[in-house]
């Protein structure tokens, strides 16, 4: 059966089961489950973040501007990998590294608050899709309930 035909089928035929609703919404729920904790982690790191200069050790433009870098905090060297902050980076360039002051292994080339805001926006979008889908099902179920004195076309 064509998905669009199934999705838009009449609900009074009881063709729309809870199992099907779960299958359709499952990717959005999984998105919330995986993205929300990361947004919380980035948000808490943003409160403790510090910056330091790091040095680029590897750059792959063809791989989404993938940039590997090293930096030293309190006499200990750390490494990270992230998208480069600008298009043309060469090995040996200095970059600003954002790191969690309590755990420097959590680091990035982008401000943690910006990363957190982007992740929160994604979570809000996914929740909005889930709510919209639930409303769609609710309205479809209400519309398919027969009213006394009115017959339902089959």
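The values are calculated or read from the model by the stated rules, or taken from the named source; none is laboratory data. These figures come from a predicted structure and were not determined experimentally. Neighbour counts are summed over all protein chains in view; Cβ atoms, including those assigned to glycine, are modelled from backbone coordinates with ideal geometry.
Would region 73-80 turn up any residue that is at pLDDT 90 or above, under 24 Å from the mean Cα position of the chain (by Cα) and not in a loop (DSSP other than H, G, I, E, B)? Within region 73-80, one or more residues are at pLDDT 90 or above, under 24 Å from the mean Cα position of the chain (by Cα) and not in a loop (DSSP other than H, G, I, E, B).
Tell me yes or no: at least one residue of region 111-127 is part of a strand (DSSP E or B), surrounded by 15 or more Cβ atoms within 10 Å (Cβ to Cβ) and in contact with a strand residue (DSSP E or B) (Cβ under 6 Å, 6 or more places away or on another chain). The answer is no, given that none of the residues of region 111-127 is part of a strand (DSSP E or B), surrounded by 15 or more Cβ atoms within 10 Å (Cβ to Cβ) and in contact with a strand residue (DSSP E or B) (Cβ under 6 Å, 6 or more places away or on another chain).
Quick check on residue 134: is it under 21 Å from the mean Cα position of the chain (by Cα), at pLDDT below 90 and within 30 Å of residue 25 (Cβ to Cβ)? The answer is yes for residue 134. Could we say that residue 112 is in contact with a helix residue (DSSP H, G or I) (Cβ under 7 Å, 6 or more places away or on another chain) and more than 26 Å from residue 44 (Cβ to Cβ) here? So residue 112 does not fit the description; no.
Mind telling me which of the residues 36, 45 ends up being in a helix (DSSP H, G or I), buried (at least 18 other Cβ atoms within 10 Å of the Cβ) and touching a helix residue (DSSP H, G or I) at 6+ places or on another chain (Cβ under 8 Å)?
Exactly one residue qualifies, and that residue is 45.
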